[in-house]
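Single-structure report; data block below.
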Amino acid sequence: MIYDGRASSDFGMVVTDAPAFNQPVRKGTAYTVPGRNGVILQQQDAFEDVSATYDVALNIFDGYDEDINETVNAFNAWLMSKKGYLRLEDSFNPNYYRLAYYNGGASIENSFMMFGKAKLSFMCRAEKYLKSAETPVDALNGMIIYNPTAYTAKPLIRIEGAGNGSLTINGKTLDVKGLGDYIIVDTETMNASREPSENMNNHIEGDFPRLASGSNAIAFTGGIIRVLITPRYYVI
């Protein structure tokens, strides 16, 4: 298990069973109408978080030279000092990662100060992101990008050039003004920025492009000379 870039093995910890992920619940409301069969649904294109619980074992013998108390303190700091959603991945699902936060409240069984067992519970966003979709695509003007999943992705887009320009994906257009070398557009958070932390939201207007399931046509005009798209494809 790897959480926020650190592996469970760094703490003498092994995951003994693959975690079970519950199917996420779609957000929405069902309204009952008197005299009418069924319900009226208002379903959102969004899902509730799901839980994931890892059964882990802390092994303090077999060549691991740390005291179990120190080990427990170290992995508590690893898990409890974090805030917000962080990257979570494991060797049971090597092609995917999730965004998760640690719930806390684990109870660690202690055997002879050498061995401990615990259940670590995380709350995860519904998406299982494809690791293969973390590599930016150098999108040529007129190019078709294919989304292999059934879900609409919210990509990270780096737009390079000078002056003003427009980026269009599947008929949705984002206008950019005052490029000044480059702008990074995060369609998930609906923000534009320039590294390290310059806010560029006043340099864009229009629609935030998405990558629908299947084929997506890419077009750009004006001062835009290069578009790098990190797709962020996911499954549920």
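The values are calculated or read from the model by the stated rules, or taken from the named source; none is laboratory data. Everything numeric here is computed off the predicted structure, so don't read it as measured data. Backbone-built Cβ (ideal geometry, glycine too); neighbour counts: all protein chains shown. With ligands, DNA and RNA removed, areas are computed over all heavy atoms of the protein, side chains included. Shrake-Rupley method; radii C 1.70, N 1.55, O 1.52, S 1.80 Å.
Looking at residue 225, is it in a strand (DSSP E or B) and either within 27 Å of residue 97 (Cα to Cα) or out of contact with any strand residue (DSSP E or B) (no Cβ under 6 Å at 6 or more places or on another chain) (or both)?
no
Any residue in the range 140-150 that is at pLDDT 90 or above, among the aromatic types (Phe, Trp, Tyr) and open to solvent by 50 Å² or more (accessible area, probe 1.4 Å)?
yes
Hey, any hits in the range 172-180 for a residue that's over 24 Å from residue 143 (Cβ atoms) and in contact with a strand residue (DSSP E or B) (Cβ under 9 Å, 6 or more places away or on another chain)?
Yes, that holds for at least one residue.
Could you tell me which residue of the range 184-218 is surrounded by the most Cβ atoms within 10 Å (Cβ to Cβ), considering only residues that are within 23 Å of the chain's Cα centre (by Cα) and more than 26 Å from residue 45 (Cβ to Cβ)?
200
Of the residues that sit in the range 70-88 and are of a type in the set (A, V, I, L, M) and crowded, with 18+ Cβ neighbours inside 10 Å, which one is nearest to residue 132 (Cα to Cα)? Quick ask: steps written out before the conclusion?
In the first step, residues of the range 70-88 are kept if they are of a type in the set (A, V, I, L, M); the result is 72, 74, 77, 79-80, 86, 88.
Cutting the leftovers down to crowded, with 18+ Cβ neighbours inside 10 Å gives us 72, 79, 88.
On the way: 72: 34, 79: 27, 88: 16 Å.
Checked the range 70-88; the qualifying residue nearest to residue 132 (Cα to Cα) is 88.
Taking interchain pairs and intrachain pairs at least six residues apart, which have beta carbon atoms under 8 angstrom, with the first residue in the range 208-232 and on the phi > 0 side of the Ramachandran plot and the second loosely packed, with under 14 Cβ neighbours inside 10 Å and part of a strand (DSSP E or B)?
214/146; 222/163
Tell me, which strands (runs of 3 or more DSSP E) lie completely within the range 7-88 with 1 or more residues that are among the acidic types (Asp, Glu) and modelled with pLDDT under 85?
13-17, 40-47
Being without any contact (Cβ under 8 Å) to a residue 24 or more places away in the chain and on the phi > 0 side of the Ramachandran plot narrows it down to one residue among 38, 5, 12; which is it?
Going through 38, 5, 12 in turn, just one is without any contact (Cβ under 8 Å) to a residue 24 or more places away in the chain and on the phi > 0 side of the Ramachandran plot: 38.
Return the residues of the range 17-46 that are open to solvent by 80 Å² or more (accessible area, probe 1.4 Å) and among the β-branched types (Val, Ile, Thr); say none if nothing qualifies.
Of everything in the range 17-46, those that are open to solvent by 80 Å² or more (accessible area, probe 1.4 Å) and among the β-branched types (Val, Ile, Thr) turn out to be 25, 32.
Give the range 89-118 a look and list any residue that's modelled with pLDDT of 70 or more, open to solvent by 70 Å² or more (accessible area, probe 1.4 Å) and part of a loop (DSSP other than H, G, I, E, B), or say none.
91, 92, 94, 95, 103
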